[in-house]
Every structure is written in C-alpha cells, then in structure tokens.
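Report on one structure; see the data block that follows.
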Amino acid sequence: RNELPAPGLNLAARSGSCHQCLYQFLAFVPPSNESLRKPGTASVMVDTQHPLTLLLNSSVGDRDLCKIQYHFGEFGNYSLVVKTLSTSTQTVSCDLIINEGPINSYLPILFALLVYMGVLAILIAGRLLMKIDPVRNWVYKKLNPRATDRMINSELGSPNTTDSINCDPAPQSWSTGSRQRLRSLDTFRGLSLVIMVFVNYGGGKYWFFKHESWNGKLHFSSALFSRFVFIMGTSVALALGSMLRWGSSKWKVLRKILWRSFVLILLGIIVVNPNYCLGPLSWDNLRIPGVLQRLGFTYLVVAALELLFTRADSGTWEGRFPALQDILPYWPQWIFILVLETIWLCLTFLLPVPDCPRGYLGPGGIGDFGKYPNCTGGAAGYIDRLLLGEKHMYQHPSSGVTYLSTMPYDPEGILGTINSIVMAFLGLQAGKITLFYKDQPKQIMSRFIIWGIVMGIISAILTKCSKEEGFIPINKNLWSISYVTTMSCFAFILLLLIYYLVDVKKWWSGAPFLYPGMNSILVYIGHQVFANYFPFKWKMQDSQSHAEHLAQNLTATTLWVIISYILYRKRIFWKI
C-alpha cells in the first residue's frame, strides 16, 4: 500500500535459498491519489518455502527506499505499508502488517503420524495377545481350527516355537533359506523405496519433500536414489559370490549381468516417457537418461568389475595386513574407480564450455547475478546437450523453480553417472565386509562405522562444512563427489543401525519395509505406470490443501506396501 506521491514504486523480491541471485520484479505500485486521499495498491502472491528479501525502490531513478527480510507463512495475508514519516527529511517507513495469520500447515503430518502409530500399536497389541494361551484358545474356538492353525503357523510361527521375538511373517517351510539372506539389505532397500514412492507422488506438497534447487541442504528426497545405488552395490557383492559358489561360470554370470542391465535400461526408457494416451513414443522428444537407465548402466559397470576380480571362496585372506582383507586383494578395482573419478574431475573443472567459465558448477538462470544464464550444470549440462541433444533431456530441472533457469538439464545425465558408479562401488565395499566377516557382527559394525567416519571427513574437507563456499559443494543434480561421500556416510550409518536391529539382535523383522524391498523393481515401475489411476490418485476438492494431498499420497504409498506384502505371502517376486 503506497501512500507516497508520484512517481510510484517498484517491488522486487529475492529468495533466501537463491545464492547470489538478482532481484525479481513483482509489481509496480502506483502512487497515492492525494485528491482522493487514496493510497496506491498492488497485490502479489509470494513464495513461503524460504525467507524472502523484499526491495522497494522508486520507479524513477532506482532509488532504494527500503529492504525487508521476512519468512511469510502459508495462506497468510499481509500488507506492506509505505509512507513518509517526515516531509522535511523525506524519511520513508515500510511497515509489514499481518492482516490474516498463516495456517499451521504441519498439523496434517502430525495427524497422519498419530494414525500410523495407532495402527502399529494395534498390530503389536494383537500379536502380544496371541501369545497368551487363553486368548489363543478362544480364537481357536471361534475360528475354524484347521484354518486357524495354518494361519497361526504361517503368520507367527508354531505356537510352541521358542523364537517368539522374531516377527518374521514368512512361512516356516522357507524360513531356513530366508535366514541366510540378510534381511537388513531388503529392509534398507524397502525403506528407501517407500519414501521414494511417497515423494514421487507429491509428498503432501511439502517443500522439505522436494528436491533442493541446487547446492546445499539435504532434503528428505535428496538421499533416496543414492541409497538405492548404494544398496545395489552391496547386493552385487553378495549375489555374485553366491552364484559363483553354486558353480556358475563367470561367462554365464556375465551374460546375466548384460541381460539385466539391458532390461533395466529398456524399462527406464519406457517408464520415463509415459505418452500412452498420445500414441506411440516419438524419437523427436524421447528422454534418454533416467533413474532406471542410470541404475542399469551403474549395475553393468560395478557388477562386471566385481566379477572380474571376485573369488568363489571368500575366506580369510592370508596376505599381509589381514585387517584390510576386504580392500587389498581388490586393488585393481580401486585403481579403476580412482581413474574414473579423475576423469570426472578433469571433465568438470577443465573442459571448456562455450560462453561459460571453466569449472562452473552453478545453476545458471538468475544465479551468479545473472552472468551465466545458459550455463546450467556447467560441463555436465554441456556434455548432455552435445551428445544427447536438448530434446532428449529432462526439460524441467529443479533449478528452474528458484533460479529461473531455462536450459534443459538432466539430473541423471552422462557425467553424473561416473559418480553413481563410485557410490555403488562404496556399497559394494559394504557387501564385501559382510562376506569377509560373516558371523562376526562386531567386525561388520565396526567397519561400517569406520567407513561412515571416513566418508564424513572427506565430505567436510570438500565442502568446508558450508553450503556454497566449499571446494565442491554438495549437489544432487550434479552428483558431485561431495554428494557421494556425504550420502555414503549416511548410508553406512543407516545400514549399520538396520543390520543391528534386524540381523544381529532380531528386535525387528524389517516389516513392513522388507516386503517392497524384496519386490523393488515391480513396486518402482508400478508406482510410475499407475500414478494417475484410481485408487492411487483421485480428484481433490481443494488442490491447495496439504491435508488432501497428504492423504492421497500416503494412501497410494500404503497401497504399494500392501500389494508387496500380498506378493510376498504368495512368494511372487519379480526378478530381472
């Protein structure tokens, strides 16, 4: 509300998350009408995700009148009143008034949490009650004895079993085989998958479930894909060793690796181009990179590298430094990974990019004060545009929201795949630890801790413990090496906790995350293909409501967990 006389004001804003950004024009506020004593007004809608800096200046001469920093709340109504305090000194005041307070947008999360905790409490109480003889006998009388006996044996184990703490829902007929499988790996994978499905469905439209625009804060969604890559590497170590111990030749295993990689890449291309209602896919705008494509190629490289040097017998290494038996015998692999990382560093910081500074890691657009608007991603974006073409890349990168970048940029592009291979290789190292120190949980956990600490120290050095000022900032879009080491640090620690709870102490069966973890490909592809179909999505009454979005997204995610549980009970697993 402008109470100043002519010539009027320009209102601009800059987001607190936008590093070195230009102010963006919001509105022209006309001068007040002195004859009618009516102030000039203009209405704008502003972002509430991050704090904003509002800048008011004169429309003539660009004289800055005031600058205000404020974090607006969702659905709040505010007035910015500009008036003259003293006509002699021409002192201008800018006062922010709250007309209508913002809503508490986090209440739906609290309610959803209470609902899920209530369901969990009911399940635990029911399980404990079934261990009481009178209650169990009463259930026997009320239900068909034979059917009840089958249900109890399959769900809870035999009533006389001594292993009553383990909540393994698998039938006893195949529980022996499942004990040989590290349930913590499937639980780790399933936990990451369930959160990924929830985030992909919208995450209740909360900002902290969205990807960071460029550098910096690790939101909930930032770690999901990296955990998938990490645990894939862990599974490679266990699976290849198992196949070779069962007598499969390396050539046969290699054929399986090639086939699986091909299928993953093919499925990825089909899933990320869902123009089913618009006719057949067209090469003109077919997106080539994607999540499954990167998983497929990463798996191909890491599995082939492991196959080349793995041994069927993973017994104790008899060379020097037995404490490093999971590292030293595989020194050629480490040399290969170091060479790959050197290639990434050289291309990222030394490759000349037209009209961009060498070694540029920024988002382009209005970042860096608008000096490099078409340099999004630096060398990574340039390589993708050069080799793939702009039409075959992701057209709406997260940097476009805050930094208003207009260049296409693919977060699953070519150059970042190098570091996803490094991430999978670190997961491979976790798998080797579990193989070399089998039946030695203390050794496994201590090494997970050491690796987590080492990765954390490397990240601290690379980033200088800052968001923007480090040598190599944490950046999911670029898959920077600091992002890989940081995510690996978290992955080692998380795997350690799950391994301790599920496989060592057996305090947790891994449910319900175990089930989608054992059918991860089916759940991932299914949630993408059926994302816009009922009951996973429906027309909402209020598209601006967090509560409705959260209810819809949680319902869809829960349905996939239930589907994976039914498939688990029926022993249906989709393997490639």
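The values are calculated or read from the model by the stated rules, or taken from the named source; none is laboratory data. Predicted, not measured: the structure shown is a model, and the values here were computed from it. Cβ atoms come from the backbone with ideal geometry, glycine included; neighbour counts cover every protein chain shown. To get the accessible areas, we keep the full protein, side chains included, count just its heavy atoms, and leave off ligands, DNA and RNA. Shrake-Rupley method; radii C 1.70, N 1.55, O 1.52, S 1.80 Å.
Entry note, the chain: relative contact order of 16 percent, from Cα contacts under 8 Å with a spacing of 6+ residues. Here Ile270 and Leu36 are evaluated by their C-beta separation; at R0 = 60 Å the FRET efficiency comes out at 0.40.
Between Leu107 and Lys205, residue separation times 0.36 nm minus the direct Cα-Cα distance comes to 33.9 nm.
Computed with a 1.4 Å probe over protein heavy atoms only, the accessible area of Val119 comes to about 80 Å². Cross-link check: pairs Lys210/Lys464; Lys438/Lys570; Lys252/Lys432; Lys391/Lys537; Lys506/Lys539 evaluated at a Cα-Cα cut-off of 32 Å; pairs beyond the cut-off: Lys506/Lys539.
Once the Cα atoms are used to define both axes, helix 291-309 deviates from the longest principal axis of the chain by about 40 degrees.
Along region 559-571 the Karplus relation, 6.51 cos²θ - 1.76 cosθ + 1.60 evaluated at θ = phi - 60°, assigns HN-Hα couplings of 4, 5, 5, 5, 4, 5, 5, 4, 5, 4, 5, 8, 6 Hz to successive residues, with x for each Gly and Pro. Secondary-structure-derived ellipticity at 222 nm for the chain, considering helices only, amounts to -15500 deg cm²/dmol, per-run term -39500 (n - 2.57) for DSSP H runs with n ≥ 4. Scoring 249-257, 128-136 by mean Cβ neighbours within 10 Å over their residues and listing the highest first yields 249-257, 128-136. Close amide H pairs (under 5 Å, H built 1.01 Å from N) link Ser59 with Gly8, Leu9, Asn10, residues at least 5 positions away or on another chain. Once the Cα atoms are used to define both axes, helix 183-200 deviates from the longest principal axis of the chain by about 30 degrees. The phi-based Karplus calculation (6.51 cos²θ - 1.76 cosθ + 1.60; θ = phi - 60°) puts the 3J(HN,Hα) values of region 494-507 at 5, 5, 4, 5, 5, 4, 5, 6, 8, 9, 8, 7, 6, 7 Hz, whole numbers, x for Gly and Pro. About its Cα centre, the dipole of the chain is roughly 2040 debye, where the only charges are +1 on Lys and Arg Cβ and -1 on Asp and Glu Cβ. Helix 133-142: angle to the longest alpha-carbon principal axis of the chain, degrees 0 to 90, nearest 10? The answer is roughly 90 degrees.
When only alpha carbons are used to place a centre, region 1-28 and region 513-541 end up 43 Å from one another. If R0 equals 51 Å, the separation of the Cβ atoms of Gln544 and Leu345 corresponds to a calculated FRET efficiency of about 0.70.
Considering every alpha-carbon pair of the chain, the percent of pairs per 10 Å bin, from zero through the bin containing the longest distance, is 3, 14, 22, 23, 18, 10, 6, 3, 1, 0. Using 1/(1 + (r/R0)^6) with R0 = 30 angstrom and r between the beta carbons of Trp259 and Leu324, what's the FRET efficiency to the nearest 0.05? With R0 = 30 Å, the Cβ-Cβ based efficiency is 0.30.
Give the long-range amide H neighbours of Gly377: residues separated by 5 or more places, or on another chain, with amide H under 5 Å away, using H modelled in the peptide plane at 1.01 Å from N. Distant-sequence amide H within range of Gly377: Gly362, Gly364.
Applying both filters, DSSP loop and at most 13 other Cβ atoms within 10 Å, to the trypsin sites (Lys or Arg not before Pro) of region 4-99 gives Arg37, Arg63. Measuring between their Cα centroids, region 398-429 and region 445-493 lie 15 Å from each other.
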